[in-house]
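One structure is given below, encoded as structure tokens.
The values are calculated or read from the model by the stated rules, or taken from the named source; none is laboratory data. The model shown is predicted, which means the values in this text are computed figures rather than measured ones. With ideal geometry, Cβ positions are generated from the backbone for all residues, glycine too; neighbour counts draw on all protein chains shown. Accessible surface areas use protein heavy atoms only, side chains included; no ligands, DNA or RNA. Shrake-Rupley method; radii C 1.70, N 1.55, O 1.52, S 1.80 Å.
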Amino acid sequence: YLDQLAIWAGHPKVVAIGEIGLDYYWKENEPKEVQLLRLRQQVDLARQMHLPVVIHDREAHGDALTFFQKEAQGVPAVFHCFSGSLEMAQELWRRGIYTGFGGSSTFKNSKKVRSVLAACPAELLLFETDCPYLTPEPYRGQRNNPAYTELVVQNAALLRGVTPAELAAQSTRNAQTLFTKLKLGE
């Protein structure tokens with residue numbers, strides 16, 4: 001599979017390898033050791049191809065953080081749909097790793113995610129969709145779509161005390177910094 005992944009990653013429109021990572025939520029997934037092996041292989045490929053990675057971390061916060069502390073130095077990354085603790089986020093931020101926030105950051109019961117979003121350094125903040133999942137308020141329960149990312153930004157702006165326009169501009173700059181092959185407007 002790595003040979004095929006390398007072929008795909010070499011396409012000029014590919015800006016990252018992902019979503020890759022660890023998912024300990026679904027019991028039918030591969031065992032942890034296999035998931036860690038695959039993550040190691042995929043991050044190594046990203047390193048070789050000079051591409052950032054988009055990390056999926058579900059119920060695997062400790063292993064994901066340890067992996068990035070010990071094995072993924074120098075690989076640009078974003079933890080997509082961040083759901084870890086503030087302490088975990090701070091460790092990632094010290095390494096220049098971005099945190100992505102989507103619809104779950106608008107949920108009133110997502111206090112942990114909202115506290116991380118409020119504390120995130122502006123230069124490491126990204127907004128995203130997780131279509132078709134995690135639709136933001138007030139559309140929670142319906143199918144998500146990329147247009148709803150605007151709602152995530154509006155919510156984050158209120159939380160952070162800035163304008164949505166400022167936050168959107170910052171996130172766009174961050175995306176261009178992380179995804180160096182990204183050509184916006186083309």
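For the chain, take the longest principal axis of its alpha carbons; what is the angle in degrees between that and the long axis of helix 61-70, to the nearest 10 within 0 to 90? Result, in degrees: 60. Per residue, the accessible area of the chain comes to 54 Å², computed with a 1.4 Å probe over protein heavy atoms only. Partners of LYS32 within straight-line reach, counting aspartates and glutamates whose Cα lies under 15 Å from its Cα and excluding those fewer than 8 residues away in the same chain: ASP23, ASP57, GLU59, ASP63. Suppose R0 equals 45 Å. What FRET efficiency, 1/(1 + (r/R0)^6) with r the Cβ-Cβ distance, do LYS108 and HIS50 give to the nearest 0.05? Once rounded, the FRET efficiency stands at 0.65.
Here the Kirkwood formula puts the hydrodynamic radius of the chain at 17.0 Å, using every distinct Cα pair. Computed extension length for GLU166-ARG143: 5.5 nm, one decimal, from 0.36 nm per residue of separation with the Cα-Cα distance subtracted.
Simple spin-label estimate for ALA157 and GLN90 gives 3.0 nm between the two label positions (7 Å along the Cα-to-Cβ direction from each Cα). Net charge near THR129: determine it from the other residues with C-beta under 15 Å of the C-beta of THR129, scoring Lys and Arg +1 and Asp and Glu -1. My count for the surroundings of THR129 gives -3. The simple Förster model, with R0 at 45 Å and r as the Cβ-Cβ distance, assigns LYS27 and ARG173 a FRET efficiency of 0.65. Computed over protein heavy atoms with a 1.4 Å probe, the carbon and sulfur contribution to the accessible area of the chain reaches 54%.
A crude spin-label estimate for the pair LYS181 and THR66, with each label 7 Å from Cα along the Cβ direction, gives 3.2 nm. Using C-alpha pairs below 8 Å separated by at least 6 residues, the relative contact order for the stretch 48-186 is 20 percent.
Using a/c under 1.5 as the rounded threshold, could you call the stretch 102-186 rounded, prolate or oblate? The axes a ≥ b ≥ c are square roots of the C-alpha gyration tensor eigenvalues, and prolate needs a/b larger than b/c, oblate otherwise. Cα axes put the stretch 102-186 in the oblate bin. In nanometres, what is the gap between the two model label sites at HIS11 and ARG38, each 7 Å from Cα along Cα-to-Cβ? Using points 7 Å along Cα→Cβ, the separation is 2.0 nm. Near ALA60, once Lys and Arg are set to +1 and Asp and Glu to -1 for all other residues with Cβ below 9 Å from its Cβ, the sum equals -2. Among beta bridges from DSSP that stay inside the chain, the antiparallel ones total about 5%. First select every other residue whose beta carbon is under 13 angstrom from the beta carbon of ARG160; then total the charges, Lys and Arg +1, Asp and Glu -1. Cβ neighbours under 13 Å give a net charge of 0. The angle between the Cα long axis of helix 149-160 and the main principal axis of the chain comes to about 70°, on a 0 to 90 degree scale. Magnitude of the charge dipole for the chain, about its Cα centre and with charges confined to Cβ atoms of Lys, Arg (+1) and Asp, Glu (-1), is about 320 debye.
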